[in-house]
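Everything below concerns the one structure shown next.
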Amino acid sequence: MALASFADEAAYRAGVARAGEEGRRIIGLWTPYPVEMAATPGRHGIIAMAATIGLVSAALFVALEWWTAAVRYRFDAGGRPFADWVSFLVAPVEAGALAAGIAAVVMLIVRARLTRLHHPAFALEEVERAQRDRFVIALTCDEGEDANAAIALLTRAGAVHSRLVSR
């Protein structure tokens with residue numbers, strides 16, 4: 001793992017952008033305050049995925065209601081049609097909203113890695129310093145030439161301090 005600390009936000013943003021341009025996998029970003037970053041690939045589909053889960057569950061609920069009311073357990077109630085779509089609206093909307101909410105919370109917990117109680121990076125001096133006045137980036141890299149290329153990339157971006165850390 002290549003670890004680099006930056007003194008200011010502009011250099012930090014440049015480092016993140018350069019790492020993304022070169023296809024490096026960023027495994028950690030630590031800052032002393034929240035920094036608004038441009039959308040990184042693969043990070044913006046969480047809401048769309050939760051909404052899709054909600055829509056699919058609502059559609060399945062409508063199909064279940066239709067199947068039970070029109071196919072399996074037909075009941076003539078006042079001469080109304082068996083598959084009256086108006087009577088099927090309320091419960092699927094509620095079930096879809098519930099499924100989307102549950103999916104969003106589960107995805108938040110999994111994607112933010114909130115199930116971890118301790119991460120080895122918290123023992124590093126750079127990450128501890130990121131709570132006060134440094135911006136830190138951690139990249140994955142193989143040993144040898146790839147590690148040197150990752151360190152050089154972060155140094156060109158304006159890193160104050162960079163080093164290799166074994167996991």
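The numbers here are math on the coordinates, done by the rules we state, and not lab data. Just so you know, these numbers come straight off a predicted model, no measurement behind them. All Cβ positions, even for glycine, are placed from backbone atoms using ideal geometry, and neighbour counts span all protein chains on display.
A few comments on the model shown:
- Dipole magnitude (debye, nearest 20) for the stretch 85-167, charges at Cβ of Lys, Arg, Asp, Glu: 220
- Rounded to 10°, Cα long-axis angle of helix 90-111 versus longest principal axis of the chain: 20
- The ranking of GLU143, GLU9, GLU65 from fewest to most other beta carbons within 10 Å of each one's beta carbon is GLU143, GLU9, GLU65.
- For the stretch 46-111, the equivalent ellipsoid built from the Cα gyration tensor has semi-axes of 31, 9, 8 Å, listed from largest to smallest.
- Structure-derived Cα extents along the principal axes in Å: which label, when the choices are (1) 39, 35, 33; (2) 60, 32, 30; (3) 79, 29, 28: (3)
- Efficiency of FRET between ILE46 and LEU117 - r from beta-carbon atoms, R0 22 angstrom, step 0.05: 0.45
- In a reduced charge model with +1 at each Lys and Arg Cβ and -1 at each Asp and Glu Cβ, the stretch 46-111 shows a dipole moment near 140 debye about its Cα centre.
- Among PHE6, ALA48, GLY78 the positive-end extreme of the charge dipole of the chain (Cβ point charges): GLY78
- Distance between modelled label sites at ALA59 and VAL110, nm, 7 Å Cα→Cβ extension: 2.0
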